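The values are calculated or read from the model by the stated rules, or taken from the named source; none is laboratory data. This is a predicted model, so every value here is computed, not measured. A quick note on method: Cβ atoms are made from the backbone with ideal geometry, for glycine too, and the neighbour counts reach across all protein chains shown. SASA here: full protein model, heavy atoms, side chains in, ligands and nucleic acids out. Shrake-Rupley method; radii C 1.70, N 1.55, O 1.52, S 1.80 Å.
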Amino acid sequence: MGLFGFGKKHAKQQSAEDQPEVENDEVLAPQDEDADFDPIDDDNQEDSAEYQGRGEDRGPWDVDDEEVVDYDEYLDIGAFYLPYLQGIELRLKANRASGDVLGATISYGSSSLEIEAFAAPKTLGLWDDVREDLLAGNDNASGKPGVFGTEVSLPVEVKGNTVITRIVGVDGPRWMLRGIFSGPAASVGEEKQILDNLFQEIVVERGDEPLAPRDMIPMHAPVTPKQRREQEAAAQDQDAATAKNTQKSGKDKNDKSIPEKPKGPFDSDQNTEVKTTLSRGPMFSEVR
């Protein structure tokens, strides 16, 4: 629960294939009782070798996509915004020693979805290379067409049991979003469809921070829509107070009294005649 104190953009950069050992600290996604969340769509999609239409007809989205979904009521965890789904549980993968947030796992029913966002080159996608590395590094891994293009089916050992995982990746502008599905969501069924749709509705925020390809995009503890609005309101109040103080300071500076300036209406005895230094023109009066 201590994860809720960490600021944005401080996560340790990690590569897609070189993650350190971490300890999972369970965090329930805080729910905003005042928020009006929209449910995830349940549109079926056909499997294919290539994923087409990202940023136009479907996600995962980038914050700067013209057709990006309205994510005002999403949960902000830094690298991306998560849509709300009734019944989900969110766990952040973090290094307890440093506090670095290194990944997020969604649990729904008997399934789970691990989500990570990585920096990618400006001109080339990253998923093809990562997928080939996964296939080359494990003889039991296999590639096949899927909802998000060619995906990887990879069996892993969990407590003595072999569990099939489904690994997908989607390339965006200077980022790649990777999802690792396990449980029923790794094969077929309702939970697969629901978590596929959740993954598709994620909105990624790459940021302007310089990152090498395959570096993890920094994450932070969850910020609810209500908390985000409160922070924005506080920032606006601070900006207004700063502007007011600046205006007042400028006014005070301009209104400084002239030393020995007489107060009240002037009479004839307070007019002093001074010779001008100009070569032409009449004498003029100056008030002292």
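In whole angstrom, how far apart do the alpha carbon centroids of the stretch 42-107 and the stretch 172-219 sit?
The stretch 42-107 and the stretch 172-219 have Cα centres spaced 6 Å from each other.
Kirkwood hydrodynamic radius, the stretch 169-220, all distinct C-alpha pairs: what's the number in Å? Mind showing how you got there, number by number?
On the way: mean 1/r = 0.0787 Å⁻¹.
So the Kirkwood estimate lands at 12.7 Å.
Given axes a ≥ b ≥ c from the Cα gyration tensor, I'd like to know whether the stretch 78-121 is rounded (a/c under 1.5), prolate (a/b larger than b/c) or oblate.
Details: a/c = 2.18, a/b = 1.39, b/c = 1.57.
It comes out oblate by the Cα gyration axes.
For a test of the definition: using alpha carbon positions, the gyration tensor, and the 1.5 limit on a/c, classify the stretch 40-189 as rounded, prolate or oblate.
Values: a/c = 1.30, a/b = 1.12, b/c = 1.16.
Here the stretch 40-189 falls in the rounded category.
Give me a comma-separated list of calculated 3J(HN,Hα) values for the stretch 170-178, in order, Karplus coefficients 6.51, -1.76, 1.60 applied at θ = phi - 60°, integers in Hz, x for any Gly or Pro.
My calculation for the stretch 170-178 gives 10, 8, x, x, 6, 8, 10, 9, 10 Hz in order.
What are the ³J(HN,Hα) values, in whole Hz, obtained from phi via the Karplus relation 6.51 cos²θ - 1.76 cosθ + 1.60 with θ = phi - 60°, for each residue of the stretch 84-91 in sequence order, with x given for Gly and Pro?
Along the stretch 84-91, the couplings run 8, 9, 4, x, 7, 10, 10, 10 Hz.
Can you pull the percent of the stretch 46-105's accessible area that's carbon plus sulfur, 1.4 Å probe, other chains left in place?
On the way: 1000 of 2890 Å².
So the carbon and sulfur contribution to the accessible surface is 35 percent.
Return one whole number: the accessible area per residue of the stretch 106-216 in Å², for a 1.4 Å probe. Show your work: numbers first, answer last.
Values: 4700 Å² over 111 residues.
That works out to 42 Å² for each residue.
May I ask for the net charge around residue 112, where only other residues with Cβ less than 10 Å from the Cβ of residue 112 are counted and Lys, Arg are +1 while Asp, Glu are -1? Before the final figure, lay out the partial values.
Working: positive: 91; negative: 89, 114, 191.
Local charge sum for residue 112: -2.
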